[in-house]
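Right, one structure below, let's go through it.
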Amino acid sequence: MTDEALVLRAKEGERDAIDSLMERYRYFVKSKARQYFLVGGEQEDLVQEGMIGLYEAIMHYDGKSAFRTFASVCVDRRIIDAVKSSNRLKHRALNMSVSIDETDFETADDPEKYVLDSENRQEMLSLMSKVLSSFEFQVVVLYMDGQSCAEIATAVGKEYKSVDNALQRAKNKLKKEMD
């Protein structure tokens, strides 16, 4: 059965049609998600975002183009939105806050933990400087500091795609090094 026919059945509420499309496009979504990196998240988080984008594509498909093309755009947009959202500092205070229910308030601002975190960051920076090119290193450090690819591109005077490519290369190199 064609994708378009399954979409029509899915819009009529046929659960099997939705399941079939979701299964049919699962690897497609995974391959799309592999192209991106989510700060503070895992690859599976991006896959889930992509699957939500696929579901939205099924529900909003209008038949004006091939379903695969429409689904590709919807999946990409959903994943990119998730990546952009993770790069925003809007929720930083919430994510770094300490529970009021903390039993030992002294550990909230533990100097030892601060020193260990600083040492871990220094070790990570040292490893990165050995593994990455100087441009990749610069881009990753700016990215770790919460800047978006567009902001980094402006800061280093390079094209957006160059920055994005550097991040992807760095991610792959660091992953190999960590394994």
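The values are calculated or read from the model by the stated rules, or taken from the named source; none is laboratory data. Just so you know, these numbers come straight off a predicted model, no measurement behind them. Cβ: placed from backbone, ideal geometry, glycine included. Neighbour counts: every protein chain shown.
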- Failed condition for Q48, given (1) farther than 24 Å from N165 by Cα; (2) modelled with pLDDT of 90 or more: (1)
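Of the residues D81, D19, which single one is outside the structural domain of V139 (by TED's automatic domain parsing), more than 18 Å from D164 (Cβ to Cβ), at pLDDT below 95 and not hydroxyl-bearing (S, T, Y)?
D19
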- Name the pairs: first residue in the stretch 1-21 and among the hydroxyl-bearing types (S, T, Y), second residue surrounded by 11 or more Cβ atoms within 10 Å (Cβ to Cβ), Cβ to Cβ under 6 Å, at least 6 apart or on different chains? S20/L6
- Task: State whether the residues of the stretch 15-28 include one that is within 25 Å of the chain's Cα centre (by Cα), within 17 Å of R77 (Cβ to Cβ) and exposed (fewer than 14 other Cβ atoms within 10 Å of the Cβ).
- Result: no
- Task: Filter the helices (runs of 4 or more DSSP H) completely within the stretch 1-69 down to those with at least 2 residues that are touching a Cys at 6+ places or on another chain (Cβ under 9 Å).
- Result: 43-60
- How about the stretch 121-160: which of its residues are touching a Phe, Trp or Tyr at 6+ places or on another chain (Cβ under 6 Å), over 21 Å from R88 (Cβ atoms) and of a type in the set (A, V, I, L, M)? M128
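Please state which one of S148, S126 is of a type in the set (G, A, S), modelled with pLDDT of 70 or more and surrounded by 13 or more Cβ atoms within 10 Å (Cβ to Cβ).
Within the list S148, S126, the selection yields S148.
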- Residues of the stretch 151-179 that turn out to be touching a residue at least 12 places away in the same chain (Cβ under 8 Å) and under 16 Å from V39 (Cβ atoms), as a count: 9
- Task: Please list, ordered by first then second residue, the pairs with beta carbon atoms under 7 Å, 6 or more apart or interchain, first in the stretch 30-56 and in the same structural domain as A82 (by TED's automatic domain parsing), second at pLDDT 90 or above and of a type in the set (F, W, Y).
- Result: L54/Y25
